[in-house]
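Data first, discussion second: the structure below is written as structure tokens.
The values are calculated or read from the model by the stated rules, or taken from the named source; none is laboratory data. As the structure is a computational prediction, the values presented were derived from the model and not from experiment. Positions of Cβ are backbone-derived with ideal geometry, glycine not excepted, and every protein chain shown enters the neighbour counts. Areas reflect the complete protein model, heavy atoms only, side chains present, ligands, DNA and RNA absent. Shrake-Rupley method; radii C 1.70, N 1.55, O 1.52, S 1.80 Å.
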Amino acid sequence: MEFRILGPLEVTVEGTPLPLGGRRQQRILAVLLLRAGRVVTADKLVDCLWPLRPPATAPSQIRNCAAALRRQLIAGGLAENSLIRRPGGYRLTVDPGALDRNRFDEEARRARLALADGHAPQAVEAFLRAEDLWRGPAIAGLADGMLEPEAMSLEESRLQVIEDRLDAELSLGRHARAVPELTALARTHPGRDRLQAALMVALYGSGRVGDALASFDRLRTSLRTELGLEPSRRLRDLRQAILTEDETRLQPVGAWRPARDGGPHLRASPLRPGGR
């Protein structure tokens, strides 16, 4: 049995989706999976289902929904002691490999260890395996109310993995290959400095110096017009480095982060405009 929350909530048995009942049962399952292995209080489940004004029958409805969910999961092959009622709440225990969120975290951990050890190609592969686990927005269709912050946290983890992977790609000289993806991401997330800086580095490393500077100019115009802000000091410094071809400062944004031994996290070779 596999549980998936990196996209629409789904439980599969040998690849076949298992019926999960109505929206309330699905929300209960989503909360239990987000806190797998820990007791979720009945009060928290009530808040999840009725965030504003729970009915007087809320506790009994929670019990009924949880019992129905338990029957469905056991019928699909879940061990009977995996979803149990505890004093004050419920606990769902699943094998780490059965939950896509855990597999995502493990692949990301392996990738970052590989980066710390200087193995960027292996890190890129592990990051891509982590990204491939996503099927859409986290807990899509259920990510409102109490579940919205949880979904946003998962999405942030996803973006951090993408940023780390793209830094690794740039450290390997894959500038031209990274430009289309970075262009789309920078447009979607204008407030993320790492993506904006990575796009500038990728364009410069692809021999597109003018485009790298134009990317900064567009961002500056957008920030001034919409928010009354200026680009960060990091991005301004990067623009100056491009103008002066200061290669020591033309590195992926993650380049200065310490590794496990205190050494550099990523260190790309010096760039030349148009270099690969």
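Name the residues in segment 208-239 that are within 21 Å of Pro180 (Cβ to Cβ), in a helix (DSSP H, G or I) and open to solvent by 90 Å² or more (accessible area, probe 1.4 Å), would you? Give the derivation first.
Quick first cut of segment 208-239, residues within 21 Å of Pro180 (Cβ to Cβ) only: 208-219, 222, 235, 238.
Narrowing the set further to residues that are in a helix (DSSP H, G or I) leaves 209-219, 222, 235, 238.
Answer for segment 208-239, where residues must be within 21 Å of Pro180 (Cβ to Cβ), in a helix (DSSP H, G or I) and open to solvent by 90 Å² or more (accessible area, probe 1.4 Å): just Arg218.
For Leu52, indicate whether it is open to solvent by less than 20 Å² (accessible area, probe 1.4 Å), assigned to a loop (DSSP other than H, G, I, E, B) and among the aliphatic types (A, V, I, L, M). Lay out the reasoning, then the answer.
Details: open to solvent by less than 20 Å² (accessible area, probe 1.4 Å): no; assigned to a loop (DSSP other than H, G, I, E, B): yes; among the aliphatic types (A, V, I, L, M): yes.
In short, no.
Any residue in segment 226-249 that's within 18 Å of Asp193 (Cβ to Cβ): show its pairings with residues that are among the hydroxyl-bearing types (Ser, Thr, Tyr) at Cβ separation under 7 Å, as long as the two are six or more apart or on different chains.
Ile242/Tyr204
Can you find a residue in segment 6-23 that is touching a helix residue (DSSP H, G or I) at 6+ places or on another chain (Cβ under 6 Å) and closer than 16 Å to Glu148 by Cα?
Yes, segment 6-23 contains at least one residue that is touching a helix residue (DSSP H, G or I) at 6+ places or on another chain (Cβ under 6 Å) and closer than 16 Å to Glu148 by Cα.
Go through the residues of segment 105-114 one by one and say whether even a single one is open to solvent by 20 Å² or more (accessible area, probe 1.4 Å), out of contact with any Cys (no Cβ under 9 Å at 6 or more places or on another chain), assigned to a loop (DSSP other than H, G, I, E, B) and not basic (Lys, Arg). So that I can check it myself, show each step before the final result.
First pass over segment 105-114, keeping only residues open to solvent by 20 Å² or more (accessible area, probe 1.4 Å): 105-107, 109-110, 112-113.
Now restrict to residues that are out of contact with any Cys (no Cβ under 9 Å at 6 or more places or on another chain): 105-107, 109-110, 112-113.
If we keep only those that are assigned to a loop (DSSP other than H, G, I, E, B) as well, we get none.
No, because not a single residue in segment 105-114 is open to solvent by 20 Å² or more (accessible area, probe 1.4 Å), out of contact with any Cys (no Cβ under 9 Å at 6 or more places or on another chain), assigned to a loop (DSSP other than H, G, I, E, B) and not basic (Lys, Arg).
Which of (1) in a helix (DSSP H, G or I); (2) touching a Phe, Trp or Tyr at 6+ places or on another chain (Cβ under 6 Å) does Cys65 not meet, given it meets every other one?
(2)
Which one of the conditions (1) part of a helix (DSSP H, G or I); (2) open to solvent by less than 20 Å² (accessible area, probe 1.4 Å) does Ser60 fail to meet, given that it meets all the rest?
Answer for Ser60: the failing condition is (2).
Being outside any loop (DSSP other than H, G, I, E, B) and more than 24 Å from the chain's Cα centre (by Cα) is the filter here, so list the residues in segment 18-48 that pass it. Give the steps one after another, and end with the answer.
In the first step, residues of segment 18-48 are kept if they are outside any loop (DSSP other than H, G, I, E, B); the result is 23-34, 39-48.
Across segment 18-48, the qualifying residues are Arg23, Arg24, Gln25, Val39, Thr41, Ala42, Asp43, Lys44, Leu45, Val46, Asp47.
Against the definition (closer than 30 Å to Pro17 by Cα and touching a strand residue (DSSP E or B) at 6+ places or on another chain (Cβ under 7 Å)), how does Gly97 come out, yes or no? Quick ask: steps written out before the conclusion?
Numbers: closer than 30 Å to Pro17 by Cα: yes; touching a strand residue (DSSP E or B) at 6+ places or on another chain (Cβ under 7 Å): no.
Considered against the rule, which asks whether it is closer than 30 Å to Pro17 by Cα and touching a strand residue (DSSP E or B) at 6+ places or on another chain (Cβ under 7 Å), Gly97 comes out as no.
Please work out if Ala30 is in contact with a Phe, Trp or Tyr (Cβ under 8 Å, 6 or more places away or on another chain) and at pLDDT 90 or above. Walk me through it before giving the result.
On the way: in contact with a Phe, Trp or Tyr (Cβ under 8 Å, 6 or more places away or on another chain): no; at pLDDT 90 or above: yes.
For Ala30, the condition - in contact with a Phe, Trp or Tyr (Cβ under 8 Å, 6 or more places away or on another chain) and at pLDDT 90 or above - is not met.
All but one of (1) assigned to a helix (DSSP H, G or I); (2) under 25 Å from Ala178 (Cα atoms) hold for Pro137, so report the exception by its number.
Status for Pro137: all satisfied but (1).
All but one of (1) buried (at least 19 other Cβ atoms within 10 Å of the Cβ); (2) in contact with a Ser or Thr (Cβ under 9 Å, 6 or more places away or on another chain) hold for Asn81; state the number of the condition that does not hold.
Failing condition for Asn81: (1).
State all residues of segment 124-133 that are in contact (Cβ under 8 Å) with a residue 24 or more places away in the chain and either farther than 20 Å from Ala98 by Cβ or open to solvent by 60 Å² or more (accessible area, probe 1.4 Å) (or both); if no residue qualifies, say none. So that I can check it myself, show each step before the final result.
Within segment 124-133, the first condition is being in contact (Cβ under 8 Å) with a residue 24 or more places away in the chain, and the residues that meet it are 124, 127-128, 130-131, 133.
Correct list: Val124, Phe127, Leu128.
Hey, Gln72 hits all of (1) in a helix (DSSP H, G or I); (2) open to solvent by 50 Å² or more (accessible area, probe 1.4 Å); (3) out of contact with any strand residue (DSSP E or B) (no Cβ under 9 Å at 6 or more places or on another chain) but one; which does it fall short on?
Exception for Gln72: condition (3).
Consider Gly136 against the criteria (1) in contact with a helix residue (DSSP H, G or I) (Cβ under 9 Å, 6 or more places away or on another chain); (2) surrounded by fewer than 17 Cβ atoms within 10 Å (Cβ to Cβ); (3) on the phi > 0 side of the Ramachandran plot: it satisfies all of them except one. Which criterion is unmet?
So the condition that Gly136 fails would be (1).
Checking Ala143 against (1) assigned to a loop (DSSP other than H, G, I, E, B); (2) open to solvent by 60 Å² or more (accessible area, probe 1.4 Å), which test does it fail?
The failed condition is (2).
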